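To start, the structure itself, in structure tokens.
The values are calculated or read from the model by the stated rules, or taken from the named source; none is laboratory data. No experiment lies behind these values; they were computed from the predicted model shown. Every residue, glycine as well, gets a Cβ built from its backbone with ideal geometry; the counts of neighbours run over all protein chains shown. All accessible areas refer to the heavy atoms of the entire protein, side chains included, with ligands and DNA or RNA removed. Shrake-Rupley method; radii C 1.70, N 1.55, O 1.52, S 1.80 Å.
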Amino acid sequence: MSEILGHFESYGGRFVPEALIGALDELEEAHNLALVDPEFQRELKHLHLTYTGRPSILTEVKRFAVHAGGAQILLKREDLNHTGSHKINNVLGQALLTKRMGKKRIIAETGAGQHGVAAATAAALFGLECVIYMGEEDTKRQSLNVARMKLLGAEVIPVSAGSRTLKDAINEAMRDWVTNVDTTHYLLGTVAGPHPFPTMVRDFQKIIGEEAREQVLELTSRLPDAVLACIGGGSNAIGIFHAFIPDKQVRLIGLEAGGDGIETGRHAATITGGSVGVLHGTRSYVLQDENGQTVESHSISAGLDYPGVGPEHAYLHDIGRAEYRAITDDQAMAAFALLSKTEGIIPAIESAHALAGAINVGKELGPDAILLINLSGRGDKDVQTAATYFGIEL
Amino acid sequence: MATSLEALFIKTRSENRAALIAYIPAGFPSQQGCKNAISALARAGVDAVEIGFPYSDPVMDGPTIQAAANISLQGGTGAAEVFSTLNFANQAGLPAVVMTYWNPIERYGVDRFAQEIARNGGSGVVTPDLTIEESDGWKLATQAAGINSIYVVAPSTTDDRLARVTQRCSGFVYAASLMGVTGTRTTISSGAQSLVDRIRKTTSLPIAVGLGVSTREQVRDVAGFADGVIVGSAFIKILLQARDEEAGLESLSALAQDLVAGVRQGR
């Protein structure tokens, strides 16, 4: 596979204003140096050990598995990381790079608020100025995370343009970056955007799969039959998939947000229901109309509510190495409730899409199968949404 | 054969002045309103128009052009309306180019898009988010259609890269006057002139400066060192704020006449 100029065959690349090229080149260089710099790697590893809480544990969920064809189901507990999701892995890596590039200010977009909270956390830890762009709609859906970011010292700017969700937050962050690129690093939270973001964010997230692969081997003495993860932009999925890509017998299954159902048009399942296009600086699958205008996505999960997807997923899809399926809001919420009640673990609604996928895949593969699921985040932030959904009075 | 845009710059160079280029999104303030605005701009003596293809995610644009693009999109503007507006400008005798983010071109079909531009009398296309690394197919398509491909460079573009980008340009080089998004500014960044100077070392193509240019004084200053001055948000603001279309067109004409005079005072 060619990653030259950040391409995954025809996907990826850079579709950005010329003004950003210098900053992207600088970032690419800093990242490439860091990859081979033992001091950088030592620093990041130390942070993960003493701050993130890595390695994250593996939890077998036997009572949940009864509902999934009796397969052996293992959860990679990224929800137990500091700040409550996998987002911290990428954020700490990029914050270290920010420091190395001599920049004093970071900006970030956020949907569910998980990446925004992680970015605000890293900014506090490293003494960086931090501005978070968040769709106005999402600031309402995720008000608790807005408060968390503010407590961490970040400025949260609600974005009222367009659909007022993640896509518009990214637009606004890119406008800020074009204007303040000399002093500012855009700490993008997912494996999308212009090169080097898709490869760089993947490099910071692939630790999930590297740890999990060893842990599964140690626990079960063999590789899992399938690895499952939810997909919005796709960072937690690429993070857990990557170490397994050479293991051809391991199925990689990404679960997209099917919203009200693909047939309704109200969904965020970009690979399942979209077409090839360019959005936010990269070529991948996009939800778009016949004029190339981005179509608004819909999902109960703010973190998956994005009409694009990382280019490496588009590539893995096209070559058949990974499969992508859609999970509706209702299926995700049923899995959310099931894991909570059978295992005492309240998952993020994002991650509940992966759990719902596991229920189906477990039934397909039967009781001898081993399924590894990336439990990418915890559900504390979703209590309000879930309470409304299930009719629990607050 | 030279495009009408190329012919324009030969003419303005022989007159020792810069060209004034006006930007307006197709379908703004309405399909017909846009055409009326183009007629008014032509009558006022504007040299060329840049017709915007409104896009849902315009990351290079500030609030004014975002607002205009939204109005245009709500009015149902798509490729057909953009080409029809281009055709209208051509009929009005104005050299015209389309400015569009890349995805609408890719969605329409790269070769087909270039051919449609040519068929409707357009001189070329400005692509603010197409990097030269991604432009091989577009280069062939524009060459086959006989239209100009215009790239935008920025103050942060290195000399080495400027040389490579301007090599891909034809018609003119679009110099962004500052680091930032479109919109009116109170002053023109001093970076604009030094960028133009750096571009000149790489190409003999005309250079037009855009971003943040809105007043007669600014136009006059930029016309002193550039071959073209591009004004967008200032015109759009007038149309957004007008109490009705007639009043809007009147104010638009007044500003255009003012800027047309400004462009002739630069040297």
Looking at segment A:1-50, which residues lose a minimum of 20 Å² of accessible area between their chain alone and all protein chains in place, measuring with a 1.4 Å probe and not counting ligands or nucleic acids?
A:Leu5, A:His7, A:Arg14, A:Phe15, A:Val16, A:Pro17, A:Glu18, A:Ala19, A:Ile21
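Summarise the accessible area of the protein assembly as shown (1.4 Å probe, protein heavy atoms) by the percent that is carbon and sulfur.
Details: 11690 of 22980 Å².
Taking all protein chains in place, the protein assembly as shown shows 51 percent carbon and sulfur surface.
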Which one, B:Asn16, B:Tyr108, B:Gly76, is farthest towards the positive end of the dipole of segment B:1-146 when Lys and Arg carry +1 and Asp and Glu -1 on their Cβ?
B:Asn16
Where both residues lie in chain A, what percent of DSSP beta bridges are antiparallel, nearest 5?
30 percent
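Mind putting a number on the dipole of segment A:196-243 about its Cα centre? Charges go on the C-beta only, +1 for Lys and Arg and -1 for Asp and Glu, and I need it in Debye to the nearest 20. Don't skip to the end; give the middle numbers.
Numbers: 4 positive and 6 negative charges, 29 e Å.
That gives a dipole near 140 debye.
In debye, nearest 20, what is the charge dipole magnitude of chain B about its Cα centre with +1 on Lys and Arg Cβ and -1 on Asp and Glu Cβ, if you could check? Intermediate values should be presented prior to the final figure.
Values: 22 positive and 25 negative charges, 127 e Å.
Its charge dipole is roughly 600 debye.
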Leaving out ligands and nucleic acids, note down the accessible area per residue over the protein assembly as shown with a 1.4 angstrom probe, in whole Å².
35 Å²
Rounded if a/c is under 1.5, else prolate if a/b beats b/c, else oblate: with a ≥ b ≥ c from the C-alpha gyration tensor eigenvalues square-rooted, which is the protein assembly as shown?
prolate
Evaluate the distance, in nm, between pseudo-label points positioned 7 Å from the Cα of A:Thr183 and of B:Ala92 along their respective Cα→Cβ axes.
4.1 nm
Neighbourhood net charge (13 Å Cβ-Cβ; Lys/Arg +1, Asp/Glu -1) for A:Leu223
0
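To the nearest 0.05, how large is the calculated FRET efficiency for A:Thr50 and B:Gln32 if R₀ is 41 Å and r is the Cβ-Cβ distance?
Values: r = 66 Å, r/R0 = 1.60.
My answer for the efficiency is 0.05.
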Within 13 Å, Cβ to Cβ, of B:Gly27, how many net charges do the neighbouring residues add up to if Lys/Arg are +1 and Asp/Glu are -1?
0
Determine the gain in length on full extension of the stretch A:Glu290-A:Gln384; use 0.36 nm per residue of separation and subtract their C-alpha separation, reporting nm with one decimal.
30.2 nm
Simple spin-label model, 7 Å along Cα-to-Cβ: B:Ala144 to A:Glu29 in nm?
3.8 nm
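Using the beta-carbon distance between B:Ala163 and A:Glu393 and R0 = 60 Å, what value does 1/(1 + (r/R0)^6) give for FRET efficiency, to the nearest 0.05?
Working: r = 67 Å, r/R0 = 1.12.
Efficiency, from the Cβ-Cβ distance: 0.35.
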Quick one: what does P(r) look like for chain B with 10 Å bins over all Cα pairs, in whole %?
7, 34, 40, 17, 1
What is segment B:10-72 by shape, rounded, prolate or oblate, if you read a ≥ b ≥ c off the alpha carbon gyration tensor as root eigenvalues and call it rounded for a/c under 1.5, prolate for a/b larger than b/c, and oblate otherwise?
oblate
For segment A:265-325 and segment B:108-155, what is the centre-to-centre distance using only Cα atoms, to the nearest Å?
26 Å
At a cut-off of 40 Å², which residues of segment B:116-150 become less accessible once all protein chains are present than in their chain alone, using a 1.4 Å probe?
B:Asp129, B:Thr131, B:Glu134
Residues of segment A:150-184 with accessible area at least 50 Å² lower in the all-protein-chain context than alone (1.4 Å probe)?
A:Arg175, A:Val178
Of A:Gly258, A:Gly357, A:Ile345, whose Cα points farthest to the positive end of the dipole of segment A:257-394 (charges on the beta-carbon: +1 Lys, Arg; -1 Asp, Glu; origin at the Cα centre)?
A:Ile345
Under 24 Å from the Cα of B:Lys139 - lysines, other chains or at least 8 residues apart:
B:Lys201
Looking only at aspartates and glutamates whose Cα falls under 14 Å of A:Lys140's and that sit 8 or more positions away or on another chain, we get A:Asp382
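Rounded to the nearest 100 Å², what's the accessible area chains B and A bury against each other, both chains counted, probe 1.4 Å?
Numbers: alone 10970 and 14730 Å², together 22980 Å².
Chains B and A together bury roughly 2700 Å² of accessible area.
Using +1 on the beta carbon of Lys and Arg, -1 on that of Asp and Glu, and nothing else charged, what's the dipole of the protein assembly as shown about the Cα centre, debye to 20? Walk me through the intermediate numbers first.
Numbers: 57 positive and 74 negative charges, 187 e Å.
Dipole of the protein assembly as shown, to the nearest 20 debye: 900 debye.
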